[in-house]
Amino acid sequence: MASMPIGSEDLITAAALEEKAKLRRHFGRFDIYFFLICTIVGVDTLGQVAVEGAQGFLWLIFLAIFFFIPYGLIVAELGAAFTEEGGAYIWTRMAWGRLIAGINAIFYWFSNPVWIGATLALLAVAAIQNYIWHFDDGSVAFYIVGLVYIWFSVWSAILSFGIGKWIPTLGAFCRIIVIGLFSLTTIIYAIQNGLNFPSAGDFSPTWGAFIALVPLLFFNFVGFELPSAAGDEMKNAQKDVPFTVLRAMVTSILLYGLPILAIICVVPADQISGKGVSAFLDAVDTVFTVYGSAGDALVKIAAIMFILAVVSSASTWLMGSDRSQAIAAIDGTGPQWLGRFSSRFGTPVNVNLISGILSTLVFVVAVRIGEGSAANAFNVMIGIVLLFTTISYIVIFPAFIKLRRTHGHVNRPYKVPGGMTGVWICGLITTFWAVLASVSGIFPGFLAEGEFLSDSWLPEGVTRGQYTLYAFIAIGITIAVGVIFYLVGAKTRAQLVRDPEVDLQGGTTPVTGD
């Protein structure tokens, strides 16, 4: 095969090579599979989809076929072909260069500590508050529980993968057990109380339900690439990534589809709330009445498993996104200190701690801000930041097409079927969903209710002009941070070298800049 020229986007920095020497290969096929289940299957959103009734299930299956499966095929190829630590950052760097990849890494990383502080911590607190230990909102116990949740998640991300990987494994088992028990119990509930099966007309698709569910379902389904952020810590990424991604794809569809179908067929809609922690656990509380006096104890056990599942969601996303950002930093697109790995743990402790501090600040502000215009602005900004992960895929998915064209010489143990036609179909369809989900989130009411922008979809107390301003301020600040990080990384970026563990099949003399 002819030798291909090597550009700066194919090289790493001397700093990155030094830090990667601290990594150990702890991540096997078993671990990757359960890591993926924790990453993708979010128990906190099951009730929010089910509350939409038959259409929630309809659009779940639709997106599973026309987004989730092509997405999984893309990551199976990329994760097996480009196995370096950093995952999606490395893929976008090789496709678009360091500036774009560095800015995109900020979007991909920053939403996660905000999500943990503004959403997951509050969900965990509410689950404990409602089902295990009762305490008042804003009390000392409230803050203690929330902060313990955040910093336990950070601690689990700091631990060596040889130890920390067991938290996602435990979380995956909790998901499987609680969802399996719930699905089985709904059958018993149906036998005792009858089915509440929707009519055929309820399954008729409507645009309103579609546009409302797309951002939520897209967010539910993303995360396949996250284990690849620890590519150099995998025992055999070329074989294990395709194997685990394709199997996790089937498992995740079942773990989403079965409980949602069970809820809409058995539990009356007026007994399920569509908000917060109660969305799923309310359904559990309803169907577990079939166990009589034992039902209360079983609900508490389910709540504990729910909390462990929510903890593992935070841990896996921190483990993956923090690694991507750390690699971006030591690869010359950020402050070098941010990407340093611990010699003892082999993990990026500095970025882990920054994530914990950000999550803590967001959690405290979310609890204390109260009502009024400041609260409205804060909630809108949080909503926008939570979309940053979705926005980042607008850069990640087209990189798949680009890399097949520019790096076709790289060995691919697994390839998306159909040649370049299959590549274009998977790349374009996933990019389309990323764009639609992002636009729908940034512009609430987009093409809803027969209007270009329906103001009835805006958060309460916020005008269209305010929402749009907040959105572009948040996005603009993040881009500015990415550019500043890139400038700060110039000295690191000036020393580019070949990675001796990466075979790009030949090349020219290494360049010295990007």
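The values are calculated or read from the model by the stated rules, or taken from the named source; none is laboratory data. As the structure is a prediction and not an experimental result, all values here were calculated from the model. As a convention, Cβ positions derive from the backbone with ideal geometry for all residues, glycine included, and neighbour counts pool all protein chains shown. Keep in mind that these areas ignore ligands, DNA and RNA; they rest on the heavy atoms of the full protein, side chains included. Shrake-Rupley method; radii C 1.70, N 1.55, O 1.52, S 1.80 Å.
Computed values, structure above
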{"quantity": "Qualifying aspartates and glutamates (Cα of each under 20 Å from Cα of K491; at least 8 residues distant if same chain)", "calculated": "E9, D10, E18, E19, D331, D499, D514"}
{"quantity": "Debye intensity ratio in log₁₀ form over the Cα atoms of segment 314-444, taken at each q of 0.12, 0.16, 0.22 Å⁻¹", "calculated": "-0.72, -1.06, -1.22"}
{"quantity": "Whole-number accessible area per residue in Å² for the chain, which is evaluated in the context of all protein chains at 1.4 Å", "calculated": "38 Å²"}
{"quantity": "Rh (Kirkwood; distinct C-alpha pairs) - segment 12-160, Å", "calculated": "19.0 Å"}
{"quantity": "Karplus (6.51, -1.76, 1.60) ³J(HN,Hα), θ = phi - 60°, over segment 11-22, in Hz, Gly and Pro reported as x", "calculated": "9, 10, 8, 4, 5, 5, 4, 5, 5, 5, 5, 7"}
{"quantity": "Tail weight of P(r) past 37 Å, computed on alpha-carbon pairs of the chain, percent", "calculated": "27 percent"}
{"quantity": "Ordering of 153-162, 486-495, 78-87 by burial proxy (mean other Cβ atoms within 10 Å per residue, highest first)", "calculated": "78-87, 153-162, 486-495"}
{"quantity": "Fraction of the pair-distance distribution of segment 446-501 above 15 Å, Cα-Cα pairs, percent", "calculated": "69 percent"}
{"quantity": "Karplus-derived HN-Hα couplings along segment 474-489 (A = 6.51, B = -1.76, C = 1.60, θ = phi - 60°), whole Hz, x at Gly and Pro", "calculated": "4, 5, x, 4, 5, 5, 4, 4, x, 5, 4, 4, 4, 5, 4, x"}
{"quantity": "Fraction of accessible area attributable to carbon and sulfur, the chain (%, probe 1.4 Å)", "calculated": "67 percent"}
{"quantity": "Å³ per residue enclosed by the Cα convex hull of segment 417-478", "calculated": "114 Å³"}
{"quantity": "Principal-axis tilt of helix 388-406 within the chain, Cα atoms, nearest 10 degrees", "calculated": "40 degrees"}
{"quantity": "Förster radius 35 Å - calculated FRET efficiency between A490 and F243, Cβ distance, rounded to 0.05", "calculated": "0.30"}
{"quantity": "Cα shape, segment 31-76, gyration tensor, a/c 1.5 rule", "calculated": "oblate"}
{"quantity": "Overall Cα dimensions of segment 215-262 - principal axes, largest extent first, Å", "calculated": "39, 21, 11"}
{"quantity": "Inter-site label distance for S199 and V481 at 7 Å from Cα along Cβ, in nm", "calculated": "5.0 nm"}
{"quantity": "Residue pairs, from the table K165/K415; K20/K165; K22/K235, whose Cα atoms sit over 23 Å apart", "calculated": "K165/K415"}
{"quantity": "Chain lengthening between I132 and A14 when straightened (0.36 nm per residue, less Cα-Cα)", "calculated": "37.4 nm"}
{"quantity": "Nearest 10 degrees, 0 to 90: helix 29-40 Cα axis against the chain principal axis", "calculated": "60 degrees"}
{"quantity": "Cα-based helix-to-principal-axis angle, 166-193 vs the chain, degrees rounded to 10", "calculated": "30 degrees"}
{"quantity": "Relative contact order of the chain, defined on C-alpha pairs under 8 angstrom at six or more residues apart (%)", "calculated": "34 percent"}
{"quantity": "Gain in span if fully extended, F30 to I144, counting 0.36 nm per residue against the direct Cα distance", "calculated": "37.6 nm"}
